[in-house]
Number of protein chains: 2
Amino acid sequence: MSQKQMQVTFPLNRAFTFVESGPVLLISTIDHGKSNMMTVSCHASMGFEPTLGICLGPWNYSYHALRESGECVVGIPGADLLEKVVDIGNCSGEDEDKFARFGLTALPAHDVAASLIGECVYNLECRVINRALEPEFNFFVLRGVRAWKNPSPKDGRTFHAVGDGTFIIDGEVVNLRHRMTKWQDCI
Amino acid sequence: MSQKQMQVTFPLNRAFTFVESGPVLLISTIDHGKSNMMTVSCHASMGFEPTLGICLGPWNYSYHALRESGECVVGIPGADLLEKVVDIGNCSGEDEDKFARFGLTALPAHDVAASLIGECVYNLECRVINRALEPEFNFFVLRGVRAWKNPSPKDGRTFHAVGDGTFIIDGEVVNLRHRMTKWQDCI
C-alpha cells in the first residue's frame, strides 16, 4: 500500500470520537528534525473542536519537543500494535529511532511538522493551546487541527491501559443512540 | 446484601487504576442535602495520588453542587449498569431523584458528604483541588481521598463512550507486566 493510502482525511468535527473512549495513544513529535513517538495513557477528551488534554512530564524525552514546538500528532493504535505500543513506552527516543526500531511508517502531516503514524487507526494533528496546568500536573491542552483515518487498519479495536501493566482490548460495541435523548445534536 | 458489604475499602495509592482505562463514570454530588449523580465520559487520570480531571459544565445540574461543595464521589459502573448509566446522563437531578428512579443505593461516604453508589464496581471520594481550566474548558481537577471496591459486582467489566451514542464494553485483558521494564515501580 502506498503511503498516501495509509491515512485519508476524516471530518475534524467528529475527531473527538478518537479519544473519548480513553484508548492508549501514541504522541508523535519532531525533535531537531527527527520523528519520535511516545505512549500516553493519561488523557481526556475535553471538547468537540476537538480539544483534548494529555499528561506528559519532563521525565519523558518527548516532553521537551512538545513544549518547544507546541505541536504533535496524536495517533490511536489498534490492537495489532499493542505489544509494540507498550515497548515504545518502555524505551526512549533519546537513544534510538523508534519508527525504525518498531517498523512504523512516519508519514508527512499537513499542518504540523510531526509525523502521522501510518499504521494507526486514526491520527490527529494537534497544537498546544494551554499549559496552565503543566507546571503542577504535567497537563497539556491540545486542539486538533486536522484528522486522518486508516481506511484499512489491521485491527480497528483500540486498547486501554489499566495502569497495573494489564491492558483491556475493546470488546462488544453497544449502540444506544436511541437512548441519547438529551444529546441527539452531538452524536 | 447489607449496605455495609456493598463497598469495602481499597488502597488509595492504587485507585488511579479505576480511571486510567477511560471508563464512563458516575459523579455523585450532594445538593441541599439531596444525593444526585450524573454521567461523565470526558476525564483523565492525572497522577498516582490519585489525581484526576473531569469535564462538566454549567449546563449540567451537578456542576453547581460540585462547584459549591468542592466534593464528589466518582463511581465506576460495571457493564450491568450500561443502560441505566446512559439514561442517568439523559435526565436531570433538578427534576427527579435519580437514585430512586434507577434503583441505585446511596451509601454514606467517609470523608465527603456525597454518597457512594453501592452497585458501582469502585467508588472514589474526591475533593476539587484546582479549577484553573474550569472557566475555559469546564475542567475540574480532583484529588481522591478514599477508595472503595464492590467485593461482588454483578459485572466487573467497565464500559467506554465513543461519543457517537455507541459504547464499548471491556473485552480481553492482556497482562504485559513483564514488558513494563521502565515502569516496574508503578505497576
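The values are calculated or read from the model by the stated rules, or taken from the named source; none is laboratory data. This one's a predicted model, so the numbers in the text were calculated from it and none came from an experiment. Note: areas computed on protein heavy atoms with side chains; ligands, DNA, RNA excluded. Shrake-Rupley method; radii C 1.70, N 1.55, O 1.52, S 1.80 Å.
Surface calculation, 1.4 Å probe, protein heavy atoms: B:I129 sits at approximately 70 Å² accessible. Across q = 0.21, 0.24 Å⁻¹, the stretch B:79-187 modelled as identical point scatterers on its alpha-carbon atoms has Debye log10 I(q)/I(0) values of -1.38, -1.33, in the order of the q list. Taking only the C-alpha atoms of the protein assembly as shown, Rg followed by Dmax gives 19.8, 62 Å. A 1.4 Å probe run over the protein chains yields, for the stretch A:35-74, 30 Å² of accessible area per residue, whole-number rounding. For the stretch A:1-79, the C-alpha radius of gyration divided by 2.2 N^0.38 Å, with N the number of residues, is 1.15. Over the stretch B:23-68, one equal point on each Cα, no solvent: what is log10 I(q)/I(0) by the Debye formula at q = 0.14, 0.17, 0.22, 0.23 Å⁻¹? Debye curve over Cα of the stretch B:23-68, log10 I(q)/I(0) at q = 0.14, 0.17, 0.22, 0.23 Å⁻¹: -0.36, -0.52, -0.80, -0.86. Here the sum of -39500 (n - 2.57) over DSSP H runs of 4 or more residues, divided by the residues of chain A, equals -3500 deg cm²/dmol at 222 nm, to the nearest 500. Value of Rg to Rh for the stretch B:107-166, rounded to two decimals, is 1.05; Kirkwood radius and Rg both from alpha-carbon coordinates. Of the whole protein surface, A:C42 contributes about 30 Å² of accessible area at a 1.4 Å probe radius.
Given a 1.4 Å probe and heavy atoms of the protein chains only, how would you sort A:T29, A:T181, largest accessible area at the top? Write out the running numbers ahead of the final one.
Details: A:T29 0, A:T181 95 Å².
Of A:T29, A:T181, the descending order of accessible area is A:T181, A:T29.
Calculate what fraction, in whole %, of the accessible area of the protein assembly as shown sits on carbon and sulfur atoms when a 1.4 Å probe is rolled over the protein chains.
49
Divided by 2.2 N^0.38 Å, where N counts the residues, the Cα radius of gyration of the stretch A:57-96 comes to 1.30. Max-minus-min Cα coordinates of the stretch A:5-48 on each principal axis give 32, 29, 16 Å, with the largest extent listed first. Placing one equal scatterer on every Cα of the stretch A:30-135 and applying the Debye formula, the log10 ratio I(q)/I(0) at q = 0.15, 0.17 Å⁻¹ is -0.61, -0.80. Counting only protein heavy atoms and using a 1.4 Å probe, the accessible area of A:Y61 comes to about 70 Å². With the largest listed first and rounded to whole Å, the semi-axes of the equivalent ellipsoid of the stretch B:142-187 from the Cα gyration tensor are 24, 19, 15. Computed with a 1.4 angstrom probe on protein heavy atoms, the B-A interface buries about 5000 square angstrom of accessible area in total. Measuring between alpha carbons in the structure, the pairs from A:K98/A:K149; A:K84/B:K84; B:K154/B:K182; A:K154/B:K84; A:K84/B:K98; B:K149/B:K182 lying more than 32 angstrom apart are A:K84/B:K84; B:K154/B:K182; A:K154/B:K84; A:K84/B:K98. Of the listed residues A:W183, B:W59, the order by accessible area with a 1.4 Å probe, largest first, is B:W59, A:W183.
Can you tell me the equivalent ellipsoid semi-axes for chain B? Use √(5λ) from the Cα gyration tensor, largest first, whole Å. Please list the in-between numbers first.
Details: eigenvalues 116, 75, 59 Å².
So the equivalent ellipsoid measures 24, 19, 17 Å along its semi-axes.
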